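Remarks on the structure that follows.
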Amino acid sequence: MAADPHILEELRRLRARVPQLTGALATGLDGRVLAHDTPGVEPNGMAALVETAHGAAGKLADATGQGEFRELLVRGVYGYVAAYAAGGAAVLTLLAQDRVNLGRLLLEGRRAAARIGELDDSRTTPANQTRPAREAKAARPGPGSDPKPGPKPAAARARTPRAPRTTTTNTNARTTTES
């Protein structure tokens, strides 16, 4: 399968933004290579390892109550391997030198993973997925029919309002006058 040119371009832009990156790989959850920019590293073997690591990290996160997989960071003697969930069906893996700014790596990796997830989702989703108006109108329940309950929307989290900031003034301020 040929590399997706849009994903490949995103990998190249990411490597330009973070100069200490030595490689970038986008894979599907099944281990297929979507695109790669990994000089000196065999992408198919790396994709198989990423698939295994993703599965183990997902199980670890789930077993410890941390939710679904978002990212994985491995530090070796010579640098880092960072893997990020990229949408629902892809993983972005980055290789970086030991001297990389870790905060920048995490930030740029998360941003790129979000973009790659969008690109992968748009690539795998048919462009005409929205129903035409006739089908949508016919699918609506009419009067007297019992509408099927759909999935419940996620409850919005209530936020506690902040207390207003108060400023204190010092009523015992000393003043000096010179005569």
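Please treat every number below as a calculation from the coordinates, not as lab data. The structure displayed is predicted, hence computed values, not measured ones. Don't worry about glycine lacking a Cβ; one is built from the backbone with ideal geometry, like all the others, and counts go over all protein chains shown.
The table below gives the values:
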{"quantity": "FRET efficiency, 1/(1 + (r/R0)^6) with R0 45 Å, evaluated for Asp98 and Glu118 via beta carbons", "calculated": "0.90"}
{"quantity": "Full-stretch length increase - Arg32, Arg70 - with 0.36 nm per residue and alpha-carbon distance subtracted", "calculated": "11.8 nm"}
{"quantity": "Two-site FRET efficiency, Thr52 against Ala16, from Cβ-Cβ distance with R₀ of 25 Å, rounded to 0.05", "calculated": "0.25"}
{"quantity": "Euclidean distance of C-alpha centroids, segment 5-50 and segment 58-93, integer Å", "calculated": "15"}
{"quantity": "Relative packing of peptides 101-113, 26-38, 80-92 - highest average C-beta neighbours within 10 Å first", "calculated": "80-92, 26-38, 101-113"}
